[in-house]
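Just below is one structure, and these are the notes that go with it.
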Amino acid sequence: MVEKNYLYPIGSSSSLSPVVLFDSVSSGYSGRKVLENVSFQINEPAIYVVLGPNGAGKTTLFRTLAGILKPYSGKVEIGGYPSESQQAREQLDYLTHIDGIPEGMSVVNALRFYANIVGATEADVNRVVDLLDLGDLSVKRFGQLSQGQKKRVSVGRIFLKEKRVYLLDEPTSNMDPKMASEIRELVLRLSKDKVILYSSHNLFEAREIGSKAIVIKNGKLALFGNISEIKTEKYRIGIRTLDMMDEMPYSSGKEGDYYLFELQGPKEVPGLIAKLSEKGVQIREVKEMQNPLEELFK
Amino acid sequence: MQNINALYFLSPIIMIAFSVGLIAYWKIKKRFTVWTLLLSLVAFAGAIALKVVVQHFTIHPFTEAVAGNPVALGIYVGLQTVIFEVGGAYLAARIAFSHGKIRADDAEGYGVGLAFWENGVLVGGSTLLNFIVYYVILAGGGLAAQQLFDTLSTAAPILFDSATIALPNIGLAVLERISSLLVHFSWGLLCVFAVVFKKKRFLLAALPMGLVDFLVPYAGVLGSLNFEILFFGLCLLCLLVTLGLTKTERKNAASVSLLTSEGSMRLKSLVQTNFKRALSFGSIYLILGIVISFLTGGLITGLASEMASADVPLIVSQTFPLMLPIYAVIGSFGGLMVFVSDRTKGVYEYLIAYGVNVYEIFWSTLLVTLGLVTVVLGVSLTGNIAILLLMGGTIQPAMIEMLLIYTIPISYASVAFMTMSGMMWSSLTRRIPGVNSPIGIATLLGIGPVLVILMLSSFFVGSGFLLLVGGVTLVLVALVAVMMVVTNKRMNRERLLSDA
């Protein structure tokens with residue numbers, strides 16, 4: 001992969017100020033640099049998937065964009081305003097991997113709390129409750145919810161008020177596949193005229209949701225471009241069966257108790273399982289054998 | 001008998017019409033709210049009331065002391081305008097802004113409002129009323145009319161002048177009110193901008209404008225025409241300086257107003273929500289603080305009664321208020337608990353991303369905690385005093401004195417110190433479960449000053465005790481203020497991120 005660490009605008013500039021400007025930015029915590037001399041600018045609405053292995057600096061990037069971290073050097077602007085300014089923050093919404101729901105609050109009161117902060121109305125709260133199907137949970141205390149339900153409430157916050165830029169740091173983590181898929185659909189609905197930065201450690205999720213990629217590696221910008229530029233390895237899964245078999249059809253080998261299969265992506269998994277069942281294979285467990293993203297950064 | 005020249009009615013009528021017309025213009029063409037009108041009334045009336053009180057007690061001794069020296073008298077009058085009118089206008093704007101009642105685009109209206117109360121009401125209204133009364137009495141004839149005529153002939157003979165003399169006088173009076181309008185508008189606008197844009201230079205520019213009143217003692221010396229032209233020149237200069245200084249801010253006022261009003265709403269919302277949460281979070285401590293206060297009150301009353309001394313009411317009155325600040329500290333933990341919980345849960349990461357600043361977070365928590373102190377003191381005092389009265393006791397002056405000079409100030413100061421220290425401790429350190437509990441450490445910091453006072457009280461009796469309490473309170477308030485300033489200027493936002 002080619003290292004790109006310079007201003008790399010995507011699309012044509014339709015206004016004087018880029019929607020997001022990240023110019024030669026170094027940022028981090030307590031003087032320790034996590035991001036170093038990162039530059040990019042975004043001019044057009046789209047979903048930009050921020051990819052990178054754990055510790056690469058994705059969350060630091062989001063916090064710097066959100067004005068939470070003050071960059072040690074460089075310039076960060078949202079819609080032409082410095083990221084720390086009130087005008088910049090008026091334009092963006094933010095979702096991190098931490099729920100951030102005040103302890104002891106019911107679901108609906110938590111949404112009301114944030115609605116007051118962002119200037120949304122009671123009608124907006126009701127709309128979000130309906131949109132994320134939180135009606136049955138609304139009077140429950142946040143602490144009583146399951147992890148997936150908590151995530152739904154947390155995600156609900158970003159729908160309270162329409163913004164221009166959305167920073168979504170792993171919004172589908174801890175969610176079951178069905179709910180994760182629903183959240184991705186909602187995000188896709190948002191994206192028509194918005195700039196969405198969406199971090200993920202799952203390349204296949206990234207491909208499903210976005211067309212542009214910002215790849216961070218060791219605190220530096222490794223790629224800012226089309227997601228198709230990222231070459232993927234085969235999608236490998238392992239299947240454990242109830243009985244040991246002498247020969248497993250379609251398998252490329254064996255790793256411990258798991259028969260290995262190489263596919264083009266997760267969408268091929270149901271088809272493979274159907275074929276194996278037809279051949280009398282009794283499947284006990286299916287799992288991803290490697291993180292394709294981690295493989296990408298080797 | 002000659003009546004006053006009716007032409008003089010023109011002067012107050014023009015002033016009133018001009019002032020009301022300006023308000024109507026600002027209301028229709030720009031922005032003028034009822035809140036702005038009321039706020040300018042509070043600022044103006046407060047300043048005039050203070051001026052009246054100060055001058056009532058000091059004008060004669062001061063005039064005698066300086067032997068009527070016009071420079072000294074000018075400084076005397078000018079400084080009062082600087083402090084009470086300009087300083088008061090700034091203070092009122094600051095309080096209103098903190099409650100979300102004024103915005104950047106209210107600045108001009110605030111200046112117009114101040115000018116309205118001075119020219120349209122205080123001077124214009126009262127002058128018109130006087131002239132009407134004079135006219136009616138003089139027209140009625142009789143003894144009252146004769147007495148009034150004699151008085152006015154000596155005190156204000158110009159009122160009986162012909163039109164050729166009256167008209168220039170009316171013109172000068174109107175010019176004086178226009179000058180007053182210019183200068184009130186200028187400092188009103190600067191005071192609001194100083195608050196909204198947090199720029200001290202606007203306040204520093206506004207304050208000297210009050211010194212235009214330095215000219216007042218020179219009115220007789222200079223002559224009416226010279227005085228009014230000089231006064232107008234100075235006031236016009238004030239306006240030009242104001243417009244020059246605020247050029248950029250006036251352009252941005254409308255957009256900033258949207259943000260500042262949302263900011264104030266955020267603070268209000270944070271305080272309201274977190275106060276309810278603090279009542280719930282710290283309910284055990286709140287109940288504990290109140291219950292212990294009742295137990296102590298009962299115990300003290302019981303012990304004092306058993307002593308069968310004539311001093312029982314005095315003992316109860318002086319002893320019970322001594323312990324209350326400790327219970328206030330205990331009962332107000334809820335605010336700090338909410339702060340620590342929200343930081344741990346990552347709530348502040350979201351609030352900061354949504355534009356709430358660190359200062360607002362600290363300030364809202366402090367207000368919540370002080371609200372809890374009010375609850376503890378309110379319930380404890382009401383309950384204990386009710387019990388005392390039911391048992392046949394009386395409220396002694398000693399108790400009221402002790403509550404006012406010791407219990408109330410030291411309770412608020414100690415709790416504010418405890419809360420600020422706890423918040424800074426929590427923000428500047430990483431959380432180690434079971435070890436780093438700011439609530440535990442902060443408790444000692446809250447109760448500490450109370451214990452110091454109690455231990456030293458035997459060495460400081462009478463006015464000495466007042467000095468001791470006042471000194472400790474001042475030190476605590478100063479420390480809280482310093483911590484708040486440090487938080488506002490130096491605290492990195494990352495300090496409020498969750499450790500998770």
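The values are calculated or read from the model by the stated rules, or taken from the named source; none is laboratory data. This structure is a prediction, so every number in the text was calculated from the model and none was measured. Because the Cβ atoms are built from the backbone with ideal geometry, glycine has one as well, and the counts that use them run over all protein chains shown. Surface accessibility is based on the protein's heavy atoms, side chains included, excluding ligands, DNA and RNA. Shrake-Rupley method; radii C 1.70, N 1.55, O 1.52, S 1.80 Å.
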Can you tell me the 0 to 90 degree angle between the C-alpha axis of helix B:70-80 and the longest principal axis of chain B, rounded to 10?
50 degrees
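How much length is gained on full extension from B:L204 to B:I48, taking 0.36 nm per residue of separation minus their Cα-Cα distance?
Result for the pair: 54.0 nm of gain on full extension.
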So what is the calculated 222 nm ellipticity per residue for the protein assembly as shown, using -39500 (n - 2.57) for each DSSP H run with n of 4 or more, over all residues, to the nearest 500 deg cm²/dmol?
-19500 deg cm²/dmol
Once whole DSSP H runs in chain A are found, which of them have Cα atoms spread over 15 Å or more along the helix axis and a mean Kyte-Doolittle score of at least 1.0?
A:107-118
Keeping all protein chains in position, work out how much accessible area A:R112 exposes to a 1.4 Å probe, and write it in Å² to the nearest 10.
90 Å²
Placing unit charges on C-beta atoms (Lys and Arg positive, Asp and Glu negative, everything else neutral), compute the dipole magnitude of segment B:175-239 about its Cα centre in debye, rounded to 20.
460 debye
Give a residue-ordered list of calculated ³J(HN,Hα) values for segment B:175-180 (Karplus: 6.51 cos²θ - 1.76 cosθ + 1.60, θ = phi - 60°; whole Hz; x for Gly, Pro).
4, 4, 6, 5, 4, 4
Out of B:A115, B:S180, B:Y350 - ranked by how far each Cα lies towards the positive end of the dipole of the protein assembly as shown, with unit charges on the beta-carbon of charged residues - the top one is B:Y350
Using every Cα-Cα pair within segment B:1-128, state what percent have a distance larger than 22 Å.
49 percent
For chain A, what's the relative contact order in percent, using C-alpha pairs closer than 8 Å and at least 6 residues apart?
21 percent
In Å and on Cα atoms, what radius of gyration and Dmax does chain B show?
29.3, 93
Cα-based Rg and Dmax for segment A:20-229, where Dmax is the largest Cα-Cα distance (Å):
16.8, 47
Could you work out the relative contact order of chain B, using alpha carbon pairs under 8 angstrom and six or more residues apart, expressed as a whole percent?
15 percent
I'd like the orientation of helix B:408-428 relative to chain B: the angle between its Cα long axis and the longest Cα principal axis, in ° from 0 to 90, rounded to 10.
70 degrees
Buried accessible area for the A:B pair, summed, 1.4 Å probe, in Å² rounded to 100?
2800 Å²
From Cα pairs below 8 angstrom and at least 6 apart in sequence, can you work out the relative contact order of segment A:235-297, rounded to a whole percent?
47 percent
Can you run phi through the Karplus equation (6.51, -1.76, 1.60; θ = phi - 60°) for segment B:285-298 and list ³J(HN,Hα) in whole Hz, with x for Gly and Pro?
5, 4, 5, 4, x, 6, 5, 4, 5, 5, 4, 5, x, x
Cα convex hull of the protein assembly as shown: how many Å³ per residue?
251 Å³
Here the whole-number average of other chain Cβ atoms within 10 Å per Cβ of B:483-494 is 2
Size of electric dipole in chain A: Cβ of Lys, Arg +1 and of Asp, Glu -1, about Cα centre, debye, nearest 20
600 debye
Along Cα→Cβ, 7 Å out, is where each label goes; now give me the distance between the ones at B:K251 and A:V269 in nm to one decimal.
5.7 nm
Among B:V133, B:L37, A:Q282, which residue has its Cα furthest toward the positive end of the charge dipole of the protein assembly as shown, with +1 on Lys/Arg Cβ and -1 on Asp/Glu Cβ?
A:Q282
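How high is the FRET efficiency from A:Q282 to B:L288, r the C-beta distance, R0 60 Å, rounded to 0.05?
Computed FRET efficiency for A:Q282 and B:L288: 0.45.
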Could you order peptides B:396-403, B:179-186 by the average number of other Cβ atoms within 10 Å of their residues, highest first?
B:179-186, B:396-403
Here the residues of segment B:136-165 lying in the modelled label zone of B:L7, meaning backbone nitrogen under 12 Å from a point 7 Å along Cα-to-Cβ, are B:159-165
With the dipole of the protein assembly as shown defined by +1 on each Lys or Arg Cβ and -1 on each Asp or Glu Cβ, the option from A:Q91, B:N3, B:W26 whose Cα lies farthest towards the positive pole is A:Q91
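Heavy-atom accessible area per residue, chain B, 1.4 Å probe: how many Å²?
46 Å²
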Excluding same-chain residues fewer than 8 positions from B:K29, which aspartates and glutamates have a Cα within less than 18 Å of its Cα?
B:D105, B:D106, B:E108
For segment B:345-378, list whatever residues lose no less than 20 Å² of accessible surface once every protein chain is in place, relative to that chain by itself, with the probe at 1.4 Å.
B:K345, B:V347, B:E349, B:Y350, B:L351, B:I352, B:A353, B:Y354, B:G355
Test assert for segment B:270-289: residues whose accessible surface shrinks by at least 20 Å² between chain alone and all chains, 1.4 Å probe, equal B:L270, B:T273, B:R277, B:F281
Given a 1.4 angstrom probe, I'd like the percentage of the accessible area of chain B that is carbon and sulfur, rounded to a whole number.
73 percent
Once you charge only the Cβ atoms, +1 for Lys and Arg and -1 for Asp and Glu, what is the size of the charge dipole of the protein assembly as shown about its Cα centre, to the nearest 20 debye?
1160 debye
Provide Rg and Dmax in Å for segment A:76-120, with only Cα atoms included in the calculation.
13.1, 39
Which value, in Å² and to the nearest 10, is the accessible area of A:D133 when all protein chains are kept and the probe is 1.4 Å?
110 Å²
Spacing of the two label points (7 Å from each Cα toward its C-beta) at A:M244 and A:R32, in nm:
4.7 nm
Taking only the Cα atoms of segment A:235-297, how large is their convex hull per residue, in Å³?
81 Å³
